[in-house]
Ligand SMILES: Cc1cc2nc3c(=O)[nH]c(=O)nc-3n(C[C@H](O)[C@H](O)[C@H](O)COP(=O)(O)OP(=O)(O)OC[C@H]3O[C@@H](n4cnc5c(N)ncnc54)[C@H](O)[C@@H]3O)c2cc1C
């Protein structure tokens, strides 16, 4: 009879590694499975940053302590080793198609202050994974690379996980299998989630790029076949950048869009002497979060249960919390205590993520080009935002900072450019309606080959949402 584990963790991303380390530290028998053969490799698009260093994220402040090579989250209460390089990010600039930047912070000023003023840092995830693998092995976790999980079967006493010709038995499973979680789909946890669209991405690591080394950059592209976002952040390695093209419209040719930004207009100027070092891609199914992530002895965590992406910091936090929770749940079972740990996790998840953040506001990050229909209109609107806004690198906050400033300018816009005002008002519509154009042509994907998304009736935008949006419209019109 094969070994029965206390917990089987599927997915060795930041969440799965952290869950394995925590459960291992607490003395559980842990198996960590990932489909990747080289478990510390990182092969998909990600800007590889730690976000939100000037304000709490999911209730915790992030510290990168380079003196002792540790990342810590407090008051969450854990730290982990990171002995790789990093680059500070001091500002986030949103460029209009005209080349006019709306600045959240000014890097030249914040650089003078140093680490305290950094809004985020770029790290290297392969080094982070190597550090985590060392820590996981030090607490006797059995690590199984090259296992593509295909089946999860709940049993009376736990759960059986099968994949790549092998079978694993555990009391619990933590599904940390990422944004396209096949496990969430198999356990029917996606049934009640609203599916927005897919976010499609291609990216290059590049050197020789001629821009500020500590500023994150976003811009929009209106191309012949659709709309895209251009995103660029420094890499951990000096002189390198992570350059990405993202689109929620599956009809767009991302390669052509990348070529456009690398050769044309104001961004083209930055890449005249640039060199591509490595290329990657990603597809992310975007849903609302799972509200009840525990079912049939399986706890679904991190990106697998979140809106599009929970960020590396959120993933580490979920992993730590899930590892601690399962440790408590196993102890409750062994001592025949009343089970409480899992419901505590679910409550924590609801409070610190589902209810703490406005997930519709997050989804607005991708939709502005669908609201402002012409590049000239976006350039006009961004052109009104001249003075720098507060520095920020929290995807839930940055859009709100810009939105709030823009709201103060609506009387000017309504008077000078009623055509633009009429389009901007669509941001007040029920967002699901605005998204309809891309939701209708998108289908979720899963990280389990052959798993087909169920046909689900399309969620209708309710009357209540429309009444609310109409109220906001009237208030603004006054
Ligand atoms: C384009 C892009 C840019 C991003 N930029 C940033 C950023 O700058 N900063 C930031 O904080 N976050 C960023 N993120 C988000 C960040 O990557 C995620 O939030 C984070 O990695 C989530 O961690 P996770 O452990 O939950 O999932 P993942 O990191 O996705 O790990 C999931 C693991 O599960 C494995 N797996 C999946 N299915 C199976 C299966 N069936 N069997 C076995 N193994 C399986 C995968 O191989 C993978 O190793 C970005 C994401 C994207 C797509």
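The values are calculated or read from the model by the stated rules, or taken from the named source; none is laboratory data. On a predicted model such as this, the values are computed, not experimentally measured, just so you know. Here Cβ is always computed from backbone atoms with ideal geometry, including for glycine, and neighbour counts include all displayed protein chains.
Taking segment 1-23 as the search range and keeping residues that are part of a strand (DSSP E or B) and within 10 Å of the ligand (Cβ to nearest atom), which one is farthest from the chain's Cα centre (by Cα)? Only one residue tops the list, namely 9.
Taken over segment 302-361, the criterion of being without any contact (Cβ under 8 Å) to a residue 12 or more places away in the chain and at positive phi is satisfied by 336 alone.
Of the strands (runs of 3 or more DSSP E) that lie entirely inside segment 46-160, those containing 1 or more residues that are at pLDDT 95 or above and under 27 Å from residue 176 (Cα atoms) span 61-65, 70-74, 78-81, 120-122, 142-145, 149-155. Scanning segment 174-218 for residues that are near the ligand (Cβ under 9 Å from one of its atoms) and closer than 16 Å to residue 451 by Cβ turns up 175, 177, 178, 179, 180, 181, 182, 183. Taken over segment 360-392, residues that are over 28 Å from residue 106 (Cβ atoms) and in contact with a strand residue (DSSP E or B) (Cβ under 9 Å, 6 or more places away or on another chain) amount to 4. Name the one entry in 445, 452 that is modelled with pLDDT of 90 or more, farther than 30 Å from residue 383 by Cα and part of a loop (DSSP other than H, G, I, E, B). Checking each option against the conditions leaves just 445.
Only one residue in 274, 282, 233 is at pLDDT 95 or above, surrounded by fewer than 21 Cβ atoms within 10 Å (Cβ to Cβ) and closer than 26 Å to residue 178 by Cα, so which one is that?
On the way: 274 fails: closer than 26 Å to residue 178 by Cα; 233 fails: surrounded by fewer than 21 Cβ atoms within 10 Å (Cβ to Cβ).
Going through 274, 282, 233 in turn, the sole match is 282.
A Cβ distance below 7 Å, combined with a sequence gap of six or more or placement on separate chains, defines the contacts here; from segment 27-51, residues that are farther than 19 Å from residue 134 by Cβ and more than 9 Å from the ligand (Cβ to nearest atom) reach residues that are in a strand (DSSP E or B) and modelled with pLDDT of 95 or more in the pairs 29/5; 29/6.
In segment 97-119, the count of residues that are closer than 23 Å to residue 352 by Cβ and within 15 Å of the ligand (Cβ to nearest atom) is one or more.
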